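Inspection log for the structure reproduced underneath, given as structure tokens.
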Protein chains: 2
Amino acid sequence: MVTRLSSFFVRTLREDPAGAEVASHKLLIRAGYIRPQAAGIFAWLPLGLRVKARIETVVREEMAAAGAQEVHFPALMPREAYEATGRWEEYGDLLFRLNDRKGGDYLLAPTHEEAFTLLVKDLYSSYKDLPVTLYQIQDKYRDEARPRAGLLRGREFTMKDAYSFDYTDAGLDASYQAQRDAYERIFQRLGLEYAIVQADAGAMGGSKSEEFLHPTPVGEDTFVRSDGGYAANVEAFQTIAPAPIPFEGLPTPVIFDSPNTPTIDTLVAHTNAVLDTTERAYTAADTLKNVVLALTHLDGTRELVVVGIPGDRDVDDKRAEVAFAPAEVAPATPEDFEKHPLLVKGYIGPWSEEGAILGEESATGIRYLLDPRVVEGTAWITGANIDQKHVHSLVAGRDFDADGFVEIATVRGGDPAPDGSGPVHLARGMEIGHVFQLGRKYAEALGLKVLDENGKLVTVTMGSYGIGVTRILAIIAELNNDEKGLIWPESVAPFDVQVVATGRDEAAFALAADVSAQLDASGLDVLYDDRPKVSPGVKFGDAELIGVPWIVIVGRGAADGEVELWERRTGERTTLSAGDAVARLARR
Amino acid sequence: MVTRLSSFFVRTLREDPAGAEVASHKLLIRAGYIRPQAAGIFAWLPLGLRVKARIETVVREEMAAAGAQEVHFPALMPREAYEATGRWEEYGDLLFRLNDRKGGDYLLAPTHEEAFTLLVKDLYSSYKDLPVTLYQIQDKYRDEARPRAGLLRGREFTMKDAYSFDYTDAGLDASYQAQRDAYERIFQRLGLEYAIVQADAGAMGGSKSEEFLHPTPVGEDTFVRSDGGYAANVEAFQTIAPAPIPFEGLPTPVIFDSPNTPTIDTLVAHTNAVLDTTERAYTAADTLKNVVLALTHLDGTRELVVVGIPGDRDVDDKRAEVAFAPAEVAPATPEDFEKHPLLVKGYIGPWSEEGAILGEESATGIRYLLDPRVVEGTAWITGANIDQKHVHSLVAGRDFDADGFVEIATVRGGDPAPDGSGPVHLARGMEIGHVFQLGRKYAEALGLKVLDENGKLVTVTMGSYGIGVTRILAIIAELNNDEKGLIWPESVAPFDVQVVATGRDEAAFALAADVSAQLDASGLDVLYDDRPKVSPGVKFGDAELIGVPWIVIVGRGAADGEVELWERRTGERTTLSAGDAVARLARR
């Protein structure tokens, strides 16, 4: 059926909507795809719904090809299962919570791990039932503090979430791989370039985790990759510890006066002024910066830790968050320093002549952790734990020890990839998918066990696989537009072709209707701009804004049976006979 | 793609689920279509999702054929628009309300009139834009006090809700008719017998309202219909007032002692004992019962009204609710009678020798209303407003008047249809759809106006059209089952055919796989029961429970290329060659 624009529920807007900053947000509203209802909550108009349906079809087909079966959970879920896994609390303000008329606690589900786990527990009991992978395409809710960028970070969004269930680790690996392969096919079909990057799995209790990122300079996620094929997001990047250096022949530590040098910059300048720089000048990389962090553990207790990192690096908040999860991390407060007078702000070190105040025998009782680069035999300029004094030639493993290593320092371009594939580059990307080996965390919390071949109860191991359908739609819009409007890839366009009748000549409208009918008969989805008394300029502007990939203009040449075929992406226009235009489009 | 039962996510249950009372609820759970998550909230398993998708496809196709365009609103909606129309309050406990992290008021929408009105207001401004009919298929929420009967009255349910927008009454009539016609086509395609009954439109402020009811003795709604084609639900039934009777020659009223006759039964017995019954005995139909009701108006004020109805009828609560809407109706309390000593309980009448204490000049200040049957010239036995006394030969219009007429009496089989099409029969049915001329109520409340041909702003007039998708699924299940399980109509069955391989003979499994593949190649949806080591009895039982309309049994005759074709509904089994079975099913 040909859709006629004269009665189609769409109105294009000339002005950018207030508060919209990114292109996809502006254009999807201006071109009549979505309408805002509340912060981060949108209604879908016919155009938007068509694009969404096409993306969902691609996802459904590839899920079926991967052997996943579709189910559907309600958005409104009772509290109990989320309580059992701790997420009722953990989600904090992100969770929409509500009561029913009897006072029962409910939530609008932000994700459904618990529900799927309980469903499989409900119906399955034997290893023979496994493996199974279930999925749904469903509207989810997150009460984001700052919903923004339209569909890119909304409070209601459509997700495809899949969950795999196996009773062996090898089985989980296979289920994981099947979803990973399906994701590759999905993004290929959607024309979305992607990088598969290692992601941190620790916080969720899982064992393996990869993100599909679309590389783009405007992406909100930072990741690293090497020319040799390594890719990881910065949270998951692992630093290679250098080889230890023998202590033999290393100079002994010397405390020196360093007035007014509480920062690395002032310390480096002072050091170069007072020490012998005939062999080389000192840089920030020669210093060891000791950062005091306050951890809040899940049980509410607060703990200070000191982390020594090379002075040329800063703390990366995301890496610190992951490193200390599930505890929350914050910088130490002035009150913390007051309570611990041995922490001499600006002059903290791992060791002093007065005794080991930090390290294994620490008099402070505070854990001391080190960046992996601070290996045995490396010598450092660092604080002497005495106001206005530092120490140099302080050697790790000889002059001080630590309670462990931790990765919280920034990653830099040029850092070596952990797999030996060369130095990494920093890049930015947008997350478009996530595959995740959850392992047994949810199955354990909710008691999902099956009998194995020997009649023994074993805990099931799970994977979780998500694609944000509405997010992907927004990303495609974000990547495919120009100053005139949207430019949809053919795989997800709301229509295959838009026919535009121009002028007042009835012959043009008759030919346009005929061309539309022929294109429709060839199996193409056709939007026919049949509006009378609308100027060609307005019609062309609307067509460019809406962004259907092919436009057929029927106007002046109609009397001779000629039309113009206009490719939205290139702007190229070709005059040809109506029949040839139909044939060319039908062949595509 | 053939779906293999060995890996299909379904487990049939032998036991009825606890608390399930109706067949559809029991069977949809036992056969693995849905799983309960909370009271009135269900998850959809692959089988259930398939049936639901088929119903949705029928609805979508007929909506498109009726020119309606699909959009999609979020379930989570801000309070404001519902506040503007008064429904934030009116819905009472039925509404799931919640706050976001900033304290903003939200609801889970039970219906979307407000949102659609605002959307059209947002984008349209001229009569040229109209008419337009928009719809969505969406999950809705109602916090029912007693969710029951599974999907028939759930707290989350899927609805198709459509809304039409016109600027003239004739336009609304046409839009309404287009939806009404679409509903007829939908129910015909779904094989659901229906009656279109007049429904009351007053409470919603609309002008015309019809319900589609499926007639069934187990239906929860009562309606009436005449052989001449009239049909209405009891709330909408209108009584024909009989012709008035001339006063000439009518006897004058007489008060008589009637000790201990506060009820109609005791009054009739007493009347027949003390009055002259040579011409005829008196019945309850000769008495006028005066019922005292307490109305609570929207502004919170409370008002007593007295309604006189023939003594052979009772008050129908639903009719009373509709008659007095939007006020709430309840029986008067003992306190009400204490406050009004002129209301002599058991002996209330419209008139007494002491003066007109009720009626236009009522000393009580209470409104007195009459059943439409109490026309001028009818004579009644009724209370004398004096304890232990009644009056007879009291003539309406001569001896007493009223403040108006009101329809709150029960409707009975045999009552004349208001359109003159003969006496009505009472019947029961289940609501399967509702078409409704809302008129200008929502457009007025939310300011939806367009410029008409003369450049004048006119308020838009709307229709609202609902079909409960999940409710219809349950009704189809309720109507199509036997003691063995479900029996799906072909139009909505989860699969077209189920192939069952029996025995341990590999040839049977090979033939069954081949038959499945051929059926699949013919465009049929095939469920293949390929489970090894499961007895034929269990397989047949599962097939009967699941209810796919056609079953192909491949077993003993496999070596000779023979199969059995089993029609689930009739139980008829025919032995034929595999090729013939495929051909017969493919032809259907």
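The values are calculated or read from the model by the stated rules, or taken from the named source; none is laboratory data. In this text the structure is predicted, and so the values were computed from the model without any measurement. Please note: Cβ atoms are built from the backbone with ideal geometry, for glycine as well, and neighbour counts cover all protein chains shown. The area values use the complete protein model at the heavy-atom level, side chains included, leaving out ligands, DNA and RNA. Shrake-Rupley method; radii C 1.70, N 1.55, O 1.52, S 1.80 Å.
Tell me the total accessible area that B and A bury against each other, 1.4 angstrom probe, in square angstrom rounded to 100. Mind dumping the intermediate values first?
Values: alone 26640 and 26700 Å², together 48650 Å².
Buried area between the two chains comes out at roughly 4700 Å².
With a 10 Å radius around each residue's Cβ, average the other Cβ atoms per peptide and rank A:557-564, B:260-267, highest first. Walk me through the numbers on the way to the answer.
Details: A:557-564: 17.6, B:260-267: 15.8.
Ranked by mean Cβ neighbours within 10 Å, highest first: A:557-564, B:260-267.
Restricting to DSSP loop positions (anything but H, G, I, E, B) with no more than 15 other Cβ atoms inside 10 Å of their own Cβ, which GluC sites (Glu not before Pro) remain in segment A:200-268?
Answer by residue number: A:Glu220, A:Glu248.
What are the residues whose amide H is under 5 Å from the amide H of B:Gly311, where those residues sit 5 or more places off or on another chain and H is modelled from the backbone?
Result for B:Gly311 returns B:Thr287, B:Leu288, B:Lys289.
Which distances in nm, rounded to one decimal and ordered from shortest, link the label point of B:Thr575 to the equivalent label points in the other identical copies, with labels set 7 Å from Cα toward Cβ?
B:Thr575 label point versus its equivalents elsewhere: 7.6 nm.
What are the semi-axes of the equivalent ellipsoid of segment B:495-587, taken as the square roots of 5 times the eigenvalues of the Cα gyration tensor, listed largest first and rounded to whole Å?
Working: eigenvalues 56, 49, 30 Å².
Sorted largest first and rounded, they come to 17, 16, 12 Å.
To the nearest µm²/s, what D does Stokes-Einstein give for segment A:140-290 at 37 °C and 0.692 mPa s, using the Kirkwood radius over alpha carbon pairs as Rh?
Numbers: Rh = 21.1 Å.
Estimated via Stokes-Einstein, D reaches 156 µm²/s.
Only helical DSSP H runs with n ≥ 4 go in: add -39500 (n - 2.57) per run for the protein assembly as shown, normalise by residue count and round the 222 nm mean residue ellipticity to 500 deg cm²/dmol. Provide the component values of the computation, followed by the final result.
Details: 28 runs with 296 residues, N = 1176.
After summing the helix terms and dividing by residue count, I get -7500 deg cm²/dmol.
Of all alpha-carbon pairs in segment B:254-405, indicate the percentage at a distance above 25 angstrom. Before the final figure, lay out the partial values.
On the way: 2917 of 11476 pairs.
Within segment B:254-405, distances greater than 25 Å cover 25 percent of Cα pairs.
Per-residue Cβ counts within 10 Å, from other chains only, averaged over B:38-51: what number is that? Numbers along the way, then the final one.
On the way: counts 9, 4, 3, 8, 3, 12, 6, 7, 5, 1, 2, 5, 1, 0.
What the average comes to for B:38-51 is 5.
Return the chain B residue and its Cβ-to-axis distance, rounded to the nearest Å, for the rotation relating B to A.
Minimum Cβ distance to the axis, with residue: B:Leu98, 2.
Measuring from a point 7 Å out along Cα→Cβ, what nm distances, shortest first, does A:Glu193 have to its partners in the other copies?
Between copies, matching label points for A:Glu193 lie 6.5 nm apart.
7 Å along Cα→Cβ for the label point: how many nanometres lie between B:Asp317 and each equivalent label in the other copies, listed shortest first?
5.9
Evaluate the distance, in nm, between pseudo-label points positioned 7 Å from the Cα of B:Thr277 and of B:Ala325 along their respective Cα→Cβ axes.
Spacing of the two 7 Å Cα→Cβ label points: 4.3 nm.
Within 10 Å of each Cβ of B:116-127, how many other protein chain Cβ atoms are there on average?
On the way: counts 1, 0, 3, 5, 1, 0, 4, 8, 2, 1, 0, 0.
Whole-number average of other-chain Cβ neighbours for B:116-127 is 2.
Between the alpha-carbon centers of segment A:429-466 and segment A:475-512, tell me the distance in whole angstrom.
Taking the Cα centre of segment A:475-512 as reference, the centre of segment A:429-466 is 46 Å away.
For segment B:514-539 and segment A:1-64, what is the centre-to-centre distance using only Cα atoms, to the nearest Å?
Spelled out, the Cα-based centre of one part sits 42 Å from the other.
If I compute solvent accessible area with a 1.4 Å probe over the protein chains, what percent of it on segment A:426-535 is carbon and sulfur?
Numbers: 1940 of 3990 Å².
Heavy-atom surface of segment A:426-535 belonging to carbon and sulfur, 1.4 Å probe: 49 percent.
Could you pull out every residue, at least 5 positions away or on a different chain, whose amide H is within less than 5 Å of the one on A:Arg440? Hs are placed 1.01 Å off N in the peptide plane, and Pro or chain starts have none.
Here the answer is A:Met462, since their amide H atoms fall under 5 Å of that of A:Arg440.
DSSP loop trypsin sites (Lys or Arg not before Pro) in segment A:1-93 with at most 10 other Cβ atoms within 10 Å of their Cβ, which ones? Mind dumping the intermediate values first?
On the way: sites: A:Arg4, A:Arg11, A:Arg14, A:Lys26, A:Arg30, A:Arg50, A:Lys52, A:Arg54, A:Arg60, A:Arg79, A:Arg87; in loops: A:Arg11, A:Arg14, A:Arg79.
Within segment A:1-93, the qualifying trypsin sites (Lys or Arg not before Pro) (loop, at most 10 other Cβ atoms within 10 Å) are A:Arg14.
For B:Lys128, give me every one of the aspartates and glutamates with a C-alpha distance below 19 angstrom, ignoring sequence neighbours fewer than eight places off in its own chain.
Filter leaves A:Asp529, A:Asp530, A:Asp542, B:Asp166, B:Asp169, B:Asp173, B:Asp452, B:Glu453.
In whole Hz, what ³J(HN,Hα) sequence does segment A:110-118 give by Karplus (6.51, -1.76, 1.60; θ = phi - 60°), x for Gly and Pro?
x, 5, 10, 3, 4, 5, 5, 4, 5
For a quick check: with amide H placed at 1.01 Å from N, whose amide H comes under 5 Å from B:Ala501's, ignoring anything fewer than 5 positions away on the same chain?
So B:Ala501 has HN proximity to B:Asp529, B:Val554.
Over the protein assembly as shown, consider all pairs of different Cα atoms and compute the Kirkwood hydrodynamic radius from their mean reciprocal separation; express it in Å, one decimal. Numbers along the way, then the final one.
On the way: mean 1/r = 0.0279 Å⁻¹.
Hydrodynamic radius (Kirkwood, Cα only) of the protein assembly as shown equals 35.9 Å.
What's the percent breakdown of Cα-Cα distances in segment A:426-537 across 5 Å bins, shortest bin first?
With 5 Å bins starting at 0, P(r) equals 2, 9, 10, 11, 10, 10, 8, 7, 7, 7, 6, 5, 4, 3, 2, 1, 0.
Considering every residue in B:78-84, what mean count of other chain Cβ atoms within 10 Å of its Cβ is obtained?
Numbers: counts 4, 1, 1, 1, 0, 0, 0.
Per-residue shielding by partner chains comes out at 1.
Largest first, please: the extent of the C-alpha atoms of chain A along each principal axis, to the nearest Å.
98, 68, 47
Can you give me the solvent accessible area of A:Ser577 with a 1.4 Å probe, rounded to the nearest 10 Å²?
Using a 1.4 Å probe on the heavy atoms, I get roughly 50 Å².
Enumerate the calculated ³J(HN,Hα) couplings along segment A:328-336 in order (Karplus 6.51 cos²θ - 1.76 cosθ + 1.60, θ = phi - 60°), each rounded to whole Hz, writing x wherever the residue is Gly or Pro.
8, 10, 8, x, 5, 9, x, 5, 4
Apply the Karplus curve 6.51 cos²θ - 1.76 cosθ + 1.60, θ = phi - 60°, to the phi angles in segment A:386-399 and return the couplings in whole Hz, x for Gly and Pro.
Each residue's phi maps through the Karplus curve to give 10, 4, 6, 9, 10, 9, 10, 6, 7, 9, 5, x, 9, 9 Hz.
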